[in-house]
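The values are calculated or read from the model by the stated rules, or taken from the named source; none is laboratory data. Please read these numbers as outputs of a predicted model, since none were measured by experiment. Counting neighbours? That spans all protein chains shown, and the Cβs are built from the backbone with ideal geometry, glycine included. Heads up: the accessible areas ignore ligands, DNA and RNA and are worked out on the full protein's heavy atoms, side chains in. Shrake-Rupley method; radii C 1.70, N 1.55, O 1.52, S 1.80 Å.
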Amino acid sequence: MDYLPGVTIKKIEDRAHPAYGQNGLFASMEFAIGDVLGEYTGKIVPGHCGGNYVTRLWSTGQDSDYFRPGVDAEVMGNELRMINDYRGVPGANGPNCKFSRTTLRGYRAALIVATRLVMPCDGWMSNVLY
């Protein structure tokens, strides 16, 4: 069951896709540039923790990760953890969303924001190395 409006999780069945056989996040409605998909959620982890589903809550320099807590969505989180990297995806012309760090209700948070027009059935892709 999906909880965030406008997105759905689907198994990637394209054999040419780098994440073939895994889950991906897809739009179920149209999104315009600047639309917020939602907050990236998970377990808060110390800055020195890494992983495939970790994003930092501050974007103040690449060498300061030890001091920047993050959100790890590997074992808990919402649908946004299913966003894949755009590299190697057939037909992808770069990312269509990005992580945007902000403050919500007095706490640091990472939002996912559309960076271009996204149509229903389009896969959500970011630059996961950023």
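Worth pointing out:
- For the residues R81, R87, R108, the requirement of being of a type in the set (K, R) and under 17 Å from H17 (Cβ atoms) singles out R87.
- Total residues in region 93-110, condition open to solvent by less than 30 Å² (accessible area, probe 1.4 Å), of a type in the set (A, V, I, L, M, F, W, C) and under 16 Å from M82 (Cβ atoms): 2
- Qualifying residue in region 23-44 (condition: over 16 Å from A109 (Cα atoms), at pLDDT below 75 and either in a loop (DSSP other than H, G, I, E, B) or not aliphatic (A, V, I, L, M) (or both)): no
- Selection within region 94-108: residues that are touching a Phe, Trp or Tyr at 6+ places or on another chain (Cβ under 8 Å) and of a type outside the set (D, E, K, R). The member of this set that is nearest to T55 (Cα to Cα) is F99.
- Residue that is least open to solvent (accessible area, probe 1.4 Å) [pool: residues in region 111-130 that are within 24 Å of G21 (Cα to Cα) and among the small types (G, A, S)]: S126
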